[in-house]
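Encoded as C-alpha cells, the structure appears first; notes follow it.
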Amino acid sequence: MLTADVEVDRRDFTVHASLTVAAGERVALFGPSGAGKTTVLETIAGLVWPRRGLVELGGRVLTSTGSPAVEVPPWQRRVGLLRQDPGLFPHLPVRANLLYARSAAGAELTTIARQLGIDELLPVMPARLSGGQRHRVALGRLLLAHCDALLLDEPFASLDETLRRALTVLVKDLSSERKVPSVLVTHQLSDAQAFADRLLVMDQGYVLQAGAPDEVVLRPATRRVAELVGYLGFVPAAADGGGHGAAGSPAGSGATGSAGTGAGVVAGVHPDRVMP
C-alpha cells in the first residue's frame, strides 16, 4: 500500500494532497496543467521535499517531516517514475536499456518484451525506434526493475490517441497483475477513465473530489469539478436537478448533470456523454 499526506510549497500556491493506493489499485490525478499533480508524484518519488508530510510504501517510511525526519533517497525507494521523455540511453541497444536496472537476464526479459511487443527489437539502437517503441522500452525497463509502486507522469501524452490508449491499458493490466499501487497524472479525462479505479480531481493545489471515475463525471460535487470534466452551458437549476439529479439525462447531443455552487445548484451539458 502507498500512502501520502503532504503539503508542498510552490511559487504560486501550496499543494495539499492526501491519498492512499492499495496494492494493485490504480489512481489517476486529473486536472489542468499547473494544478500540482506532478508535484505530488515528485514528492512520493523523493525528488521534492514537502513542507509537511508523510509518505509510506509497504510499511516503509520514505518521507517524514516529523521528529526524527526521514528522507530516503530516490534510488532506494523502489518507486518507478515514468515521464513523457522515455530517457533511454542512446548508446545502448534495447536489450541493455531494458536490463539497466537488473544484474542478469532471464526468462522474464523475454516475457516482458513479448508483452510489450518489442521482442524483435532487442538488438536495435534507440535512434532507430519510433516514439511508441521508445515508450514501450522505457516501460519495460521500469517493469523489470520490480518497483513497489508505479508513478506515471503523462508518459504517453506525446503519442497519438490510439497508441496512448493501448499503452495506458497495457500498464493498467500489468500493474493489476503485479499487485502494484499505481498513480497516473493526466489532463486527459479519457486516459484517466481508461486507467483508474479511482479519480482524484485536482486544481490549484487541492483535491476537489475523489471517487470512481464514472461517479465523479456523472455527479460532480462543484461547478469547478463539472467544468474540469467537460460540462458546458451552465444554467440555474432546481435542487433536485429538474427530476434527473446529478446522474444526468438525455439532452440533445449530450447529458445534463447538476452540481452545487456557493450560489445554489446549476445544470450543465456534457457533449460527450448521452445517458440511456
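The values are calculated or read from the model by the stated rules, or taken from the named source; none is laboratory data. In this text the structure is predicted, and so the values were computed from the model without any measurement. Don't worry about glycine lacking a Cβ; one is built from the backbone with ideal geometry, like all the others, and counts go over all protein chains shown.
For the range 122-153, name all the residues that are closer than 16 Å to PRO93 by Cα and part of a loop (DSSP other than H, G, I, E, B).
Result: LEU122, PRO123, VAL124, MET125, LEU129, SER130.
Please work out which one of (1) at pLDDT 85 or above; (2) surrounded by fewer than 16 Cβ atoms within 10 Å (Cβ to Cβ); (3) assigned by TED's automatic domain parsing to the domain that holds THR14 is the condition ALA212 fails and give its number.
Failing condition for ALA212: (3).
Criterion first (crowded, with 23+ Cβ neighbours inside 10 Å, β-branched (Val, Ile, Thr) and either in contact with a Phe, Trp or Tyr (Cβ under 9 Å, 6 or more places away or on another chain) or more than 19 Å from GLN84 (Cβ to Cβ) (or both)) does VAL185 satisfy it?
Yes.
Mind checking which residues of the range 59-99 are among the aliphatic types (A, V, I, L, M), under 24 Å from the mean Cα position of the chain (by Cα) and either surrounded by 15 or more Cβ atoms within 10 Å (Cβ to Cβ) or not assigned by TED's automatic domain parsing to the domain that holds ILE118 (or both)?
LEU62, VAL72, VAL79, LEU81, LEU82, LEU88, LEU98
State which residue is nearest to LYS37 (Cα to Cα) when the search covers only the range 174-208 and only residues that are of a type outside the set (A, V, I, L, M, F, W, C) and more than 15 Å from the chain's Cα centre (by Cα).
Within the range 174-208, the match that is nearest to LYS37 (Cα to Cα) is GLY205.
Quick check on the range 1-52: of everything there that is acidic (Asp, Glu) and assigned to a strand (DSSP E or B), which residue is nearest to ASP191 (Cα to Cα)?
Result: ASP5.
Can you tell me which of ARG26, ARG128 is assigned by TED's automatic domain parsing to the domain that holds LEU152 and exposed (fewer than 14 other Cβ atoms within 10 Å of the Cβ)?
Only one candidate qualifies: ARG128.
Quick check: anything in the range 3-12 polar (S, T, N, Q) and surrounded by fewer than 21 Cβ atoms within 10 Å (Cβ to Cβ)?
There is at least one residue in the range 3-12 that is polar (S, T, N, Q) and surrounded by fewer than 21 Cβ atoms within 10 Å (Cβ to Cβ).
Can you name the number of the only condition in (1) part of a loop (DSSP other than H, G, I, E, B); (2) modelled with pLDDT under 95 that ALA96 fails?
Condition (1) is where ALA96 drops out.
Hey, any hits in the range 53-68 for a residue that's of a type outside the set (A, V, I, L, M), more than 27 Å from LYS179 (Cβ to Cβ) and touching a residue at least 12 places away in the same chain (Cβ under 8 Å)?
yes
So ALA157 clears everything in (1) surrounded by fewer than 17 Cβ atoms within 10 Å (Cβ to Cβ); (2) out of contact with any Lys or Arg (no Cβ under 9 Å at 6 or more places or on another chain); (3) aliphatic (A, V, I, L, M) except one condition, right? Which one?
(2)
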